[in-house]
Amino acid sequence: MTAPAAAQGTVYRVPAQAIGCATAPAARHLPDGIVGPGCRHAGTAARWVLVQRDGDITALRRDGGRHDRVLYFRTHDVSQVPASGVIARGWHWLHDGGLAVWAALAAGVAGMGIGGYGRLAMAGGTVLLGWPVLCLVARWWARRRARTLCAALVARHADTLRLRRRQLLGRNSYGVVKPEKWHRERDEFIATIVRPALRAAGRAAQWPRIAGWVTARIEQVARAAPQRPDTVGPGMDPLEYEQYCAAELRHDGWQADTTVGSGDQGADIVASRRGLRMVVQCKLYSRAVGNDAVQQITAARAHYNATVAAVVSNAAYTRAAQQLARTNGVWLLHHDELRGLSQRLKHGPTPAAIA
């Protein structure tokens, strides 16, 4: 009887009531459920290792019992333990312990000697001690999978999170940072992106355990330095900001020119690229940009016969401005988004075309 060298030492589990024999022929001709000469029940050993295998007969030895005799089992009475999966192996361990208890009870406690009581006690102890450990491992594994999913979502939206934090972290008249708007944005990201993904993956129950970790991860990613240093600062005046935005558009492949201050009809920049004309209004603000900017750039789009209209700012936009922009097909951008605007416009000239 032979087995491939790579298979020898493979771990198997054997039910306590399975019958093993000292020789292969005895096991092969063993009547079902009857312990013949030279044969015995496997007992409570949870792990066996493969010695040889030949079709319907498998030769096993107790794991760790180098001097134990080899027992021959019918192959359909034993099963191989998967090579990976801590939880699967733990389950088989507990399963074998439970089967041992059941076999001992079925045989009748009254007929057991001292050794039988000892085996029963050991099997019961295995189940009682092993079950809490298995539950802890299962909870740890579920929490780890949920964290991995959330970390991937945060990484996917890292650029937007960094951008929104920069837009929404304001200061009051005394220079004190006011994080309330950013916190609302962070909570909105969790409510609309993170938690629906957890529900879809069947891991919603893990949220109370990982909520603090996810919030801290979002903060860590959002605080990270942008790939390009932001040169826009408090010392820049509005005209310099217009020149800066025009330069960013040129870097993205546009032919961009600033307009004359008076008579610009609401457009600070007129840009063109491959037959597409765009008008841009630039707002260097310390507060959220409101409806006026959207109304002005909408009028400028008609005046310049442009296809695309955009408002660019270092700040956030009011909810009213966002609603009016959606109605009129106006882009509301942060200046960091100008370099990638041409790629986004491939899907259509208005934000509604992408939604």
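The values are calculated or read from the model by the stated rules, or taken from the named source; none is laboratory data. As the structure is a prediction and not an experimental result, all values here were calculated from the model. Cβ atoms come from the backbone with ideal geometry, glycine included; neighbour counts cover every protein chain shown. Ligands, DNA and RNA are stripped out before the accessible areas are found, and what is left, the full protein with its side chains, is counted by its heavy atoms. Shrake-Rupley method; radii C 1.70, N 1.55, O 1.52, S 1.80 Å.
Okay, residues lined up against (1) farther than 16 Å from Glu242 by Cα; (2) at pLDDT below 90; (3) touching an Asp or Glu at 6+ places or on another chain (Cβ under 9 Å):
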site	(1), (2), (3)
Thr259	no, yes, yes
Asp264	no, yes, no
Asp268	no, no, yes
Leu284	no, yes, yes
Asp292	yes, no, no
Gln295	yes, no, no
Thr298	yes, no, no
Tyr304	yes, no, no
Val308	yes, no, no
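What are the residues in the range 314-344 that are without any contact (Cβ under 8 Å) to a residue 40 or more places away in the chain and open to solvent by less than 30 Å² (accessible area, probe 1.4 Å), if any?
Tyr317, Ala321, Ala325, Gly329, Val330, Trp331, Leu333
Would you confirm whether or not the range 259-266 contains a residue that is open to solvent by less than 10 Å² (accessible area, probe 1.4 Å) and either more than 27 Å from Ala158 (Cβ to Cβ) or not hydroxyl-bearing (Ser, Thr, Tyr) (or both)?
no
Could you grab me the full set of residues in the range 15-36 that are in contact with a helix residue (DSSP H, G or I) (Cβ under 8 Å, 6 or more places away or on another chain), within 13 Å of Leu71 (Cα to Cα) and free of Cβ contacts under 8 Å to residues at least 60 places away in the same chain?
Result: Ile19, Gly20, Cys21.
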